[in-house]
1. Express the relative contact order of the chain as a whole percentage, based on alpha carbon pairs under 8 Å and six or more residues apart in sequence.
2. Here are some pairs, LYS79/LYS100; LYS9/LYS79; LYS17/LYS43; LYS17/LYS100; which of them have Cα atoms lying more than 19 Å apart in this structure?
3. Bins of 10 Å, beginning at zero and ending with the bin holding the largest distance: percent of Cα pairs per bin for the chain, please.
4. Mind listing the long-range amide H neighbours of SER29? Cut-off is under 5 Å, sequence gap 5 or more, other chains count too, H placed in the peptide plane at 1.01 Å from N.
5. Search the structure for amide H atoms under 5 Å from the amide H of ALA45, placed 1.01 Å from N in the peptide plane, and list their residues when 5 or more places away or on another chain.
6. Can you give me the accessible area per residue for the chain, using a 1.4 Å probe, in Å²?
7. Could you please state how large a percent of the accessible area of the stretch 22-103 is carbon and sulfur, counting protein chains only and using a 1.4 Å probe?
Amino acid sequence: MSDDVKIGKVLDKNRGKDFVERIINPWDSPVLQNDDGTKSSHKMAWGESDGKYYVYPTVLRDGEALNDYGDGAWSEAYKRGEYIEFNSAEDADWFSQNYKNVWPKAMR
């Protein structure tokens, strides 16, 4: 199975989560102005909690705006249900590093 298909299956399974919808439909998403002049609609992280592995956004929507929660992102993402569970650290790390492969070339 190609990486794009693998990523697409994970995203399809998790439709309805705000950060997943922003990955699938990047043109419909607000953007965050970064200090270095770049813009982001996503920043992704992964971690382990209670023996499970999660990928979650560090950039979360607050109303119509996006905010970077930085080190506090996991707590907020978990509370909102904005995460994807994986079976292994390797899978979570791989997804967090490669999810942008499904974006249209104009967004990369």
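1. The value is 26 percent.
2. Going by Cα-Cα distance, LYS79/LYS100; LYS9/LYS79 fall outside the 19 Å limit.
3. 14, 50, 31, 5
4. For SER29, no residues qualify.
5. Under 5 Å from the amide H of ALA45: TYR56, THR58.
6. 60 Å²
7. For the stretch 22-103, the apolar C and S fraction of the accessible surface comes to 41 percent.
The values are calculated or read from the model by the stated rules, or taken from the named source; none is laboratory data. Only a predicted model underlies this, so the values are computations on that prediction, with no experimental measurement involved. To get the accessible areas, we keep the full protein, side chains included, count just its heavy atoms, and leave off ligands, DNA and RNA. Shrake-Rupley method; radii C 1.70, N 1.55, O 1.52, S 1.80 Å.
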